[in-house]
1. Taking chymotrypsin sites (Phe, Trp or Tyr not before Pro) as candidate sites, keep only those in a DSSP loop with at most 13 other Cβ atoms within 10 Å, then name the longest stretch of the chain containing none of them.
2. So how do 346-353, 79-86 stack up, highest first, on mean other-Cβ count within 10 Å?
3. Treating only the Cα positions of region 288-404 as identical point scatterers, give the base-10 log of I(q)/I(0) from the Debye formula at each q in 0.17, 0.20 Å⁻¹.
4. Give me D for the chain in µm² s⁻¹, whole number, from Stokes-Einstein with Rh from the Kirkwood sum over alpha-carbon pairs, 37 °C and 0.692 mPa s.
5. Would you mind calculating the gained length between Thr402 and Glu242 on full extension (0.36 nm times residue separation, minus the Cα-Cα distance), in nm to one decimal?
6. Report, in deg cm²/dmol and to the nearest 500, the calculated mean residue ellipticity at 222 nm for the chain, where each DSSP H run with n ≥ 4 adds -39500 (n - 2.57) and the sum is divided by the residue count.
7. Taking a ≥ b ≥ c as the square roots of the Cα gyration tensor eigenvalues, with a/c under 1.5 meaning rounded and otherwise prolate when a/b beats b/c, else oblate, which class fits region 422-466?
8. On the protein heavy atoms, probe 1.4 angstrom, tell me the percent of accessible surface of the chain carried by carbon and sulfur.
Amino acid sequence: MSPIPNHLPTPELQALDAAHHIHPFTDAAALAARGARVIVRGEGVWLTDSEGRRILDGMAGLWCVNLGYGNERLVEAAARQMRELAFYNTFFQTTHPPAVALAAKLAEVAPAGLSHVFFANSGSEANDTNIRLVRHFWAAQGKPEKHVLIARKNAYHGSTMGGASLGGMAPMHAQGGLPIPGIHHIGQPHWYSEGGEMTPEEFGRMRARELEQAIGEIGADRVAAFIAEPVQGAGGVIIPPESYWPEVQAICDAHDILLIADEVVTGFGRTGEWWGSQRFGIRPDIVTTAKGLSSGYLPIGASLIAPHVAGVIAAAGEFNHGYTYSGHPVAAAVALETLAILEEERIVERVRAVTAPYLAQVWGRLADHPLVGAAETCGLMGVIALTPDKARRAAFAAEEGTVGLRCREQSFANDLVMRHVGDRMIIAPPLVIAEAEIDELAARARTTLDQVLDGLTRDGLMVAKG
Ligand SMILES: *Cc1c(COP(=O)(O)O)cnc(C)c1O
């Protein structure tokens, strides 16, 4: 009999869960009071909960289940590799075929000629690797003082000490003594909330120039790297103005600063290109990947590294760094199969040519809703900015996130997973979503908005700040 208690009634599962399980990013009191929603099955873009309700997963799990749930090829790839070689490490001059094949394949599909791979088990770990790697890179060239990493406010780079330090999430920095030393944060290219009267293009250039100012203040001889997501994901699907990235790239080039593109969300087709770097014309020295790399079926992350960086690291002797599961054979086999499916089924091409334009059209229509200040997409990521006053892009008088949380709960009640970041509602469905499913997603989102608007009006909350 399966040791997984699928057979327990929902209230018993919820009680055990509340008694013993500390959840990530969850308020424990609220969880204990209400009980967790228990997900028991997945197929394509659909989840089933323990009460038998079918839920449209507008978030691909956590931006990762790009090929949808229940993909038999991925299941088989894992089973095959487990039977062959369930584990061996890649330390101390050993390797195994799945790690070799995945590294070679990633070098083939990587953007900007990145040729080398360091494996981790998550995006957070890959970014921790990146911190150590870029500092070691400069130290190995006699510049140990070139160690500061510049990142951005409201960025998300993971939840380890390093990843959360690179990230610019104030609530995360408020716990556990973060950020670690040597990390500097600049402003984000978030025109909708921070652009005021400027045009998006003016604002994008201004925010890029903050990088140059920061380099000037810290000193280029002390700055190792700049790290950013091509499109901020967890920050609220913040799509930068087109003026932003070319300026950032030029600044990194001019000052000999390594550029790290954190493509944990934007990699592997999310934007309609293989890489967000391609979509925005970025030439990174290092790319962080995870999530879609294995379609979320097993934990794996990787740093993709330029030859000029890998060469310096290789020449510097032993890199005193590694994870027991770096290049785990089963995770690597599943990642390889994920990449094979993406290529054989031309999934990225289909996103670019068919589903991304379709989502843009269908999602864009939500902009006419009285509660919506903007409805935007980039590939298969979408965002709705909720507002009590469309004309002014105004924030609500209620504490930020109050309305967004209501909207998320209402969406759940309508069997659609949307996530809220403050008062922004975001989606990133599996890349295999069909057009009819996009219609269904947008229809449920509109119903949700109608219901939330009714509730806000009733409760006197359609009031702008200030
Ligand atoms: C999710 C995420 C990470 C962290 O990945 P984990 O696998 O959760 O550690 C890092 N960067 C970005 C951009 C992410 O979205």
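The values are calculated or read from the model by the stated rules, or taken from the named source; none is laboratory data. Just so we're clear, the structure is a prediction, and the values are computed from it rather than from any experiment. Glycine also receives a Cβ, built like all others from the backbone with ideal geometry; neighbour counts cover every protein chain displayed. Areas reflect the complete protein model, heavy atoms only, side chains present, ligands, DNA and RNA absent. Shrake-Rupley method; radii C 1.70, N 1.55, O 1.52, S 1.80 Å.
1. Excluding the exposed sites themselves, the longest stretch runs over 93-466.
2. 346-353, 79-86
3. For region 288-404 at q = 0.17, 0.20 Å⁻¹, log10 I(q)/I(0) is -0.94, -1.06.
4. Taking Rh from Cα pairs, D becomes 142 µm²/s.
5. 54.5 nm
6. So the calculated ellipticity at 222 nm is -12000 deg cm²/dmol.
7. The shape class here is oblate.
8. 55
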